[in-house]
Amino acid sequence: MLTQSGIVRSDIRASFGTAGTAVAPGTPLTVTLQLVNVNANCAPLAGYAVYLWHCNATGQYSMYSAGVTTQNYLRGVQVSDAAGKVTFTTIFPGAYSGRWPHIHFEVYASAAQAVSGANAVRTSQLALPESACREVYGQSSLYPGSLSNLSQTPLTSDNVFGNDGGVLQLASVSGSIADGYAATLEVGIAGSAATAAIDLNQHGLTGTWYNPGMSGQGLSLEFFQDLIAVGQGVVFGGWVTYDVAPAGGAANNRWYTVSGPIVSGQSPAALTIYQNVGGNFDTLPTTDSTVVGTATLSYSSCDAGQFTYAFSDGSGRSGSFALSRLTPNITCSASTMRPTNADFELGGNWASANTNGQGLIIELNALAPVVFCTWYTYAPNGQAIGGAASQRWYTAQAVHTPGARTFSLTLYETTGGVFAAATPTTTTLVGTATLTFASCTAATLLYNFTGGTNAGLAGTIALTRVAATPAGCTA
């Protein structure tokens, strides 16, 4: 039922995918659910997925009721934000015989689980207050029979809400027929369902992550432990990928940045996906990020995770993939004991203050042993190209020597991939570079391109660390 592409969306009024674009008529309604941890003073639960569905104005369920089996409107999945909230744009449901007006929802640990319908954390229903129902059904001709059905089955006699009159499931509703209505409900979830297998608030998860089935694309992430307060950090990183099919050259390379709060004891983390376009390689102008989607990130171990995404840029892209660590774990721990490593702590986000909107994410891994860098930048004439085709990304590698602070890198350009797909890619050597760390907050990159988009370009970039320096870093 849920595996159709496009189910991860906030506006659920229209059908999607192969079902077409038919819109369910009815009085506008915005539904907001706030997920809270009842075992942690009702702290908000970020990164959980909610699958929500309900009947149309005449009491029919898309995909199941006669006459609408070819439709899939009034169904959708959303991931809770940092405040634990999900919001859906829909219509006021009708009242059918035998039930009080209601909206179904299920809560999952991730969008991937919600889309597959597996392992729901909680299944429940939202009840709508009688005053709002009578107002809608009495004034709108789109709800034939609903007013009569409402009177046949009182809330206290409903087979779901009847035991307590829906005390914990009765939404607060405001609005009017002319302006539409807004329904809100707080949803409590027991702490066991909100406990992370691996605490995300630790720098040890920093590094390069990829899906073995998707050649030449992945995420480079830095976890800023306790950046906001004790127990509250931030994850920031980059996602290197490609345009949608067909595959192409360097102009088809795409990159995004992702960022969001990480809280000890809470998983998944709710992230925002950003895109920067229109810059020039290693020079002005600076570029600003634009929100293009949301994502969730969770880890079952120090070496395995899950990334789920939903774009809001009009592309309709959504999905989920497993993450594996590219290099061996250095300091990540499943316990509260958090070791540090002077070389590893040098890694993270580095950029030039003069070219905001591009930079490098660096990992120093003595166990591999390798220095691995992902470079997020633009074509030399990216400003003139404009749009996503202005983006370029490179990777760089060197052999890691413990205690070394200068490294001779080889620069690579990877092309031929397709967004989030298992397609062959080609990686080509396009130059060399020298990376030198002067301290935990200052470094230089001397580059020389001999091939690819940047062939013939050489220069020096003064790098500074982005945000806080990890504990244990020495230079």
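Values as computed for the structure displayed
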read-out: Which numbered condition Gly145 fails, given (1) in the same structural domain as Thr453 (by TED's automatic domain parsing); (2) out of contact with any helix residue (DSSP H, G or I) (no Cβ under 8 Å at 6 or more places or on another chain); (3) in contact (Cβ under 8 Å) with a residue 40 or more places away in the chain; value: (1)
read-out: Residue list for the range 142-179, restricted to those being touching a Leu at 6+ places or on another chain (Cβ under 9 Å), modelled with pLDDT of 95 or more and loosely packed, with under 15 Cβ neighbours inside 10 Å; value: Ser172
read-out: Residue within the range 355-362 that is touching a Gly at 6+ places or on another chain (Cβ under 9 Å) and among the small types (Gly, Ala, Ser) present; value: yes
read-out: Which listed residue, of Gly278, Gly265, is within 14 Å of Tyr299 (Cβ to Cβ), in the same structural domain as Tyr309 (by TED's automatic domain parsing) and in a loop (DSSP other than H, G, I, E, B); value: Gly265
read-out: Elements of type strands (runs of 3 or more DSSP E) contained in the range 176-249, each with 1 or more residues being without any contact (Cβ under 8 Å) to a residue 60 or more places away in the chain and not acidic (Asp, Glu); value: 218-229, 232-242
read-out: Restricting the range 36-51 to residues that are crowded, with 24+ Cβ neighbours inside 10 Å and of a type outside the set (Phe, Trp, Tyr), the residue that is farthest from Val79 (Cα to Cα); value: Leu45
read-out: Lone unmet requirement of (1) within 28 Å of the chain's Cα centre (by Cα); (2) closer than 24 Å to Gln217 by Cα for Ala471; value: (2)
read-out: Single residue of the range 299-348 satisfying the filter (touching a Leu at 6+ places or on another chain (Cβ under 6 Å) and among the small types (Gly, Ala, Ser)) that is nearest to Trp209 (Cα to Cα); value: Gly305
read-out: Strands (runs of 3 or more DSSP E) within the range 37-119 that include 3 or more residues hydroxyl-bearing (Ser, Thr, Tyr); value: 85-91
read-out: Among residues of the range 120-136, those that are under 19 Å from Ala270 (Cβ atoms) and in a strand (DSSP E or B), counted; value: 1
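The values are calculated or read from the model by the stated rules, or taken from the named source; none is laboratory data. Not measured: the values here are computed from a predicted model. Every residue, glycine as well, gets a Cβ built from its backbone with ideal geometry; the counts of neighbours run over all protein chains shown.
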